[in-house]
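Single-structure report; data block below.
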Amino acid sequence: MKNALRSALLGAAAAFCAAVPLPAQDGLDVSVKGFVDTYHAFRTEAPTDWMSSRTRVRGEVRLEKDGGGAFVSANLVYNALLKDLSGFQLREAYAYWGNPRWDIRAGKQIISWGVADGLRVTDLISPMDYTEFLAQDYDDIRVPVGALRVRYLHDTWSLEAVAVPVPEFFKLPVDPANPWSVGPLPPEVRPDAKLKNLEYGTRLSFFLGGVDFSLMALRTWTKMPELQGDHIGYHRLTVLGGDISIPFGSFVFRGEAADNIDDDGHHQGSVLGGLDWYPGADWNLSVQFNHVWQGGGAPSSLATLRISKALLNNALTLSTFAYADVCDGGVFNRLSADWAATDQIHAILGYDYFYADGGMFLRYAHNSEVWLKLKYNF
């Protein structure tokens, strides 16, 4: 399987580079890496059934030459519960070129803005894959988008511009065989692939030693489908916001704020504050609080807590990451113990705990699960 994935990735990378050729000079560097992992989760409440059972090979190929190159990543997946999710999955495929001042990237890629950890305030370009809700690694939840990204880099600031011709949206589970299913949904109507519907935005960032901050403006779409008559669809948004990061001693303060304005002039505000603490001895503690409000609607608040500790010369890492639905009453807490047998081999045992009186976690109140993940990096 690994050789098949490597051949597929090299073929895809070669085709991509043929479409976007690099300067014709000698010395092309090729690197191939990836991992194999297998993940299995079992519900600890009635009906005590399997929540997930999947095995994946991830391959990544990078071709580089004189500041330019191409990157392709893809998965080969076998999903024992959800057969439709088995098969070859292209993840990212983009070409890039850069020098000390300019950075250009075109193709299918993940774009991440802001400083929040596991929460979305200004990080609104790449949507989320909720096939297993939040019970996945956060990097696996991000959905790549086909985009052109251009950055100008200065010593103390940078300017980034992004255009997404065909927007991507949240992936929701509708298969009744999926324990995370949201049930059947009405027909979906997506924006037409026309120039007027593209997403575009810019982000101006400053790096001033004692403080880093950014200002952003984005013309986008709502990413979560909304009921619109007899179908689900999306509406246009203009988002204005920014983020800030300030280190002081063993602490780092992080903040984000955004105003989401739809084409009817309705506003939705979102503000986030976070504090990271690195007290030493391989401890890390982080808290965040995100409050969202809108005219005529009920406000919502979500808090997070992350605690991690490395033991046995960093061979064992214990961690917990929890979401708390402050307004509606609900908790999702992922606890894990990651044992690194070698730099390449990891065994991770975890427990996902759900509790809810209402709100976003109520649907999954009985989805608490124990899980095991084995991973080999190559």
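Table for the structure above
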{"item": "Volume per residue that the Cα convex hull of segment 272-331 spans, once the total is divided by residue count, Å³", "result": "66 Å³"}
{"item": "Within segment 241-378: Cβ-based charge dipole about Cα centre, in debye rounded to nearest 20 (Lys, Arg +1; Asp, Glu -1)", "result": "620 debye"}
{"item": "Proximal lysines relative to Lys373, as straight alpha-carbon distance under 21 Å, when same-chain residues fewer than 8 apart are discounted", "result": "Lys2, Lys33, Lys83, Lys309"}
{"item": "Distant-in-sequence amide H partners of Arg190 (H built 1.01 Å from N, under 5 Å)", "result": "none"}
{"item": "Segment 259-349 - percent relative contact order, Cα under 8 Å, separation 6 or more", "result": "18 percent"}
{"item": "Other-chain or far-sequence residues with amide H under 5 Å of Trp221's (modelled H)", "result": "Leu237"}
{"item": "In sequence order, calculated HN-Hα J values of segment 369-375 (Karplus, 6.51, -1.76, 1.60; Hz; x Gly/Pro)", "result": "8, 9, 9, 9, 10, 10, 9"}
{"item": "Charge-dipole axis of the chain as Lys and Arg at +1 and Asp and Glu at -1 on Cβ define it, positive-most pick from Ala147, Tyr351, Ala337", "result": "Ala147"}
{"item": "Lys/Arg +1, Asp/Glu -1 at C-beta; the chain dipole; positive extreme among Trp102, Ala365, Ala217", "result": "Trp102"}
{"item": "Positive minus negative residues near His235 (Lys, Arg vs Asp, Glu; Cβ under 10 Å)", "result": "-3"}
{"item": "Two-decimal Rg to Rh for the chain - Kirkwood Rh, Cα set", "result": "0.95"}
{"item": "Given charges at Cβ of Lys, Arg, Asp, Glu: segment 237-374 dipole, positive-most of Val292, Ala281, Leu374", "result": "Ala281"}
{"item": "Per-residue ³J(HN,Hα) for segment 323-335, Karplus 6.51 cos²θ - 1.76 cosθ + 1.60, θ = phi - 60°, Hz, x for Gly and Pro", "result": "9, 10, 7, 5, 6, 9, x, x, 9, 10, 10, 9, 9"}
{"item": "Charge dipole (debye, nearest 20) of segment 123-235; +1 at Cβ of Lys and Arg, -1 at Cβ of Asp and Glu", "result": "500 debye"}
{"item": "Relative contact order, percent, segment 150-202 [alpha-carbon distance under 8 Å, six or more residues apart]", "result": "41 percent"}
{"item": "Estimated [θ] at 222 nm from DSSP helical runs (n ≥ 4, -39500 (n - 2.57)) normalised by residues in the chain, nearest 500", "result": "-2000 deg cm²/dmol"}
{"item": "Packing-based order for 222-228, 341-347, 282-288, using average beta carbon neighbours within 10 Å, highest first", "result": "282-288, 222-228, 341-347"}
{"item": "Derived scalar couplings ³J(HN,Hα) [segment 188-195; Karplus, 6.51 cos²θ - 1.76 cosθ + 1.60; whole Hz; x for Gly, Pro]", "result": "9, 10, 9, x, 5, 7, 10, 4"}
{"item": "Normalised contact order of the chain, rounded percent, pairs of Cα under 8 Å and 6 or more residues apart", "result": "11 percent"}
{"item": "Cα-centred dipole magnitude for segment 58-121, charges only on beta-carbon of K, R (+1) and D, E (-1), debye, nearest 20", "result": "80 debye"}
{"item": "Sparse-neighbour loop sites [trypsin sites (Lys or Arg not before Pro); segment 142-221; at most 10 other C-beta within 10 Å; DSSP]", "result": "Lys194"}
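Quick note: the coordinates plus some simple rules give every number you see, no bench work behind them. Source: prediction; values computed, not measured. All Cβ positions, even for glycine, are placed from backbone atoms using ideal geometry, and neighbour counts span all protein chains on display.
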